[in-house]
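This report refers to the structure that appears directly beneath it.
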Amino acid sequence: MQFFLCDPQSWDKPKVHPQTAALHERNLTIFIHSPYQINIASLNNRLRIPSRTAVINHAKVAAEVGATGLIVHGGHVTSDDEIDAGLDNWRKLFERQADKGGFGVPILVETPRAATTRDGPPLGHAGQTVGPDRRVRRRVCLDTCHAFAAARTWWTWSSGPARSPAGSTWCT
């Protein structure tokens, strides 16, 4: 089960869901989805810095509710910016948080619809946020709705087990 810990269109601080205990009684696997406006890749400090804070806060509360992971949109850079600079912002977040003990739950970087076109890389650039530094648990989350909207089928993504090229589990 996937849900939000606050209004997904806001910068509100996350709160423990009032039905958390009931959800656990049903033995449901819980994933928390972060708010939509989070953009770790952005080169704009006014967007990236509050985004980092929001991811850290949501991961903390996700751990409190016993979530399996926190799903975060990969974000984007403007057409004038280099994609590698946005990927560096993700790597910096993971490195800084690793130095502070991690997030408490795995971070699942979700593939955006725009990155799932037939001509684009299979995981967009989300797969590149999963680097060699394993101090922080992170994975790529393949949004199957985004893949469907891009006219991809599951079998065009993988002919074997559900694994990304970096070896991270795909969350569907």
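Compute and list, largest first, the equivalent-ellipsoid semi-axes of the stretch 1-90 from the alpha carbon gyration tensor, each √(5λ) rounded to a whole angstrom.
Over the Cα atoms of the stretch 1-90, the semi-axes work out to 29, 12, 9 Å.
What are the residues whose amide H is under 5 Å from the amide H of Gly74, where those residues sit 5 or more places off or on another chain and H is modelled from the backbone?
Glu110
Taking 7 Å along the Cα-to-C-beta vector as the label spot, tell me the Gln37-Arg96 distance in nanometres, rounded to one decimal.
2.0
Each value in this text was obtained by applying a stated rule to the coordinates, not by laboratory testing. Just so we're clear, the structure is a prediction, and the values are computed from it rather than from any experiment. Cβ coordinates were reconstructed from backbone atoms using ideal geometry, including for glycine residues, and neighbour counts include every protein chain displayed.
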